[in-house]
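J.: Mind looking over this structure? Questions follow.
The values are calculated or read from the model by the stated rules, or taken from the named source; none is laboratory data. Model, not experiment: these values are computed from the prediction. Here the Cβ positions follow ideal geometry from the backbone for every residue, glycine too, while neighbour counts run over all protein chains shown. When the accessible area is computed, the model is the full protein with side chains, heavy atoms only, and any ligands, DNA or RNA have been set aside. Shrake-Rupley method; radii C 1.70, N 1.55, O 1.52, S 1.80 Å.
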Amino acid sequence: MHKVGFIFDLDGVIVDTAKYHYLAWKKLAEELNFDFTKEHNELFKGVSRKRCLDILLNLADATATEEQFDTWMVEKNRDYLAYIEKMDASEILPDVPKVLDFLKTNNIPIALGSASKNAQPILEKVNLLSYFDTIIDGNSVSKAKPDPEVFLIAAEKLDVAPKNCIVFEDAVAGIEAANAGNMTSIGIGDAKILQEADYNFNDFTEIDLDFLRKLAKV
C-alpha cells in the first residue's frame, strides 16, 4: 500500500469547465423562460447532471415528464460537449502542471475524482491524461457528492488508505465528501465558501513545493 495518494476534482480545479456548464444550463433555462445567473450556477458545482436539472426545474418552478426530463439531460450534455470540443492545454488552470509534475516526479499516485461523465475526453484534450493513475468519474459511481463514494473508490484504486489521501476540491459538496471519507481536504477557491476544508488556497499558484512535500511525505 502506498503512503499517500492525491485525488483531484476536475471542473474548477484542473480546468475551468464551469463556464461551459453555465452556458449550457443557461441555454436550457431560456427554454423554460428562466433567467439563469452565475449565482444560480454556484448551486450546480460538484453536483450530478440529474440533480442539477432537478434544481433548475425547482428554480424555474417548472415540471417535466420523465421523457422530457431525459430529453433535457441529453440536450444539455450535447450543448456542453459542443463547447468542450474546442478545449486545449490553454484551458488548464494556473500552476496545475507544476503540482502534477512534482507528484509524478516523486512517484506519488494520482487519481481524478469527478462527477463529470466527460472527464477522460477533457483530460485528453488538455494533454493531462498521462498524469493520472486512475480516473473515477460520473460513469463509475452511483452516489453523487457529498457522498464520499467517488473518493473512496479512487483511494481503493490507488491502493492508499482513505486517511492518507489528499483531495483538491472547489465545491462545498466535494469538500464535504472528502471530509466524510476521512481524507485531507484542500479547498481551491473562496475560503469563506469552502470553510470546512482542512486547507484553503485561491488557486494552485499559492501552493508551494514545501507544502506539497509535507503532504506527500517526501
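J.: Output the residues belonging to segment 109-146 that are open to solvent by less than 60 Å² (accessible area, probe 1.4 Å), modelled with pLDDT of 95 or more, closer than 16 Å to CYS165 by Cβ and not aliphatic (A, V, I, L, M).
T.: PRO109, GLY113, PHE132, THR134
J.: Let me ask you something else. Could you grab me the full set of residues in segment 176-186 that are more than 18 Å from VAL15 (Cβ to Cβ) and outside any helix (DSSP H, G or I)?
T.: GLY181, ASN182, MET183, THR184, SER185
J.: Take segment 147-163 and flag every residue that is in contact with a strand residue (DSSP E or B) (Cβ under 6 Å, 6 or more places away or on another chain) and either open to solvent by 50 Å² or more (accessible area, probe 1.4 Å) or assigned to a strand (DSSP E or B) (or both).
T.: The answer is LYS157, and nothing else.
Residue-wise test of (1) of a type in the set (Lys, Arg); (2) touching a helix residue (DSSP H, G or I) at 6+ places or on another chain (Cβ under 8 Å); (3) at pLDDT 95 or above; (4) part of a helix (DSSP H, G or I).
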residue	(1), (2), (3), (4)
ALA24	no, yes, yes, yes
LEU28	no, yes, yes, yes
PHE34	no, yes, yes, no
GLY46	no, yes, no, no
LEU81	no, no, no, yes
PRO94	no, yes, yes, no
ASN107	no, no, yes, no
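J.: Being in a helix (DSSP H, G or I) and either loosely packed, with under 15 Cβ neighbours inside 10 Å or touching an Asp or Glu at 6+ places or on another chain (Cβ under 7 Å) (or both) is the filter here, so list the residues in segment 56-68 that pass it.
T.: ASN58, GLU66, GLU67, GLN68
J.: Just give me the residues in segment 176-202 being open to solvent by less than 50 Å² (accessible area, probe 1.4 Å), in contact (Cβ under 8 Å) with a residue 24 or more places away in the chain and either at positive phi or not polar (S, T, N, Q) (or both), in sequence order.
T.: Listed by number, the residues that qualify are ALA177, ALA178, GLY181, MET183, ILE188, GLY189, LEU194, ALA197.
J.: Another question about this same structure. How many residues are under 19 Å from ASP79 (Cα atoms) and either assigned to a strand (DSSP E or B) or open to solvent by less than 10 Å² (accessible area, probe 1.4 Å) (or both) when one looks only at segment 11-22?
T.: 3
J.: Restricting to segment 164-175, give me the number of residues that are assigned to a helix (DSSP H, G or I) and either open to solvent by 10 Å² or more (accessible area, probe 1.4 Å) or of a type outside the set (Gly, Ala, Ser) (or both).
T.: Of the residues in that region, 4 qualify.
J.: With the requirement that a residue be polar (S, T, N, Q) and under 18 Å from the mean Cα position of the chain (by Cα), what does segment 91-129 give you?
T.: Across segment 91-129, the qualifying residues are SER114, SER116, ASN118, GLN120, ASN127.
J.: Taking only pairs six or more apart or across chains, which ones have beta-carbon atoms under 9 Å, a first residue in segment 99-116 that is among the acidic types (Asp, Glu), and a second residue that is modelled with pLDDT of 95 or more and buried (at least 18 other Cβ atoms within 10 Å of the Cβ)?
T.: ASP101/TYR131
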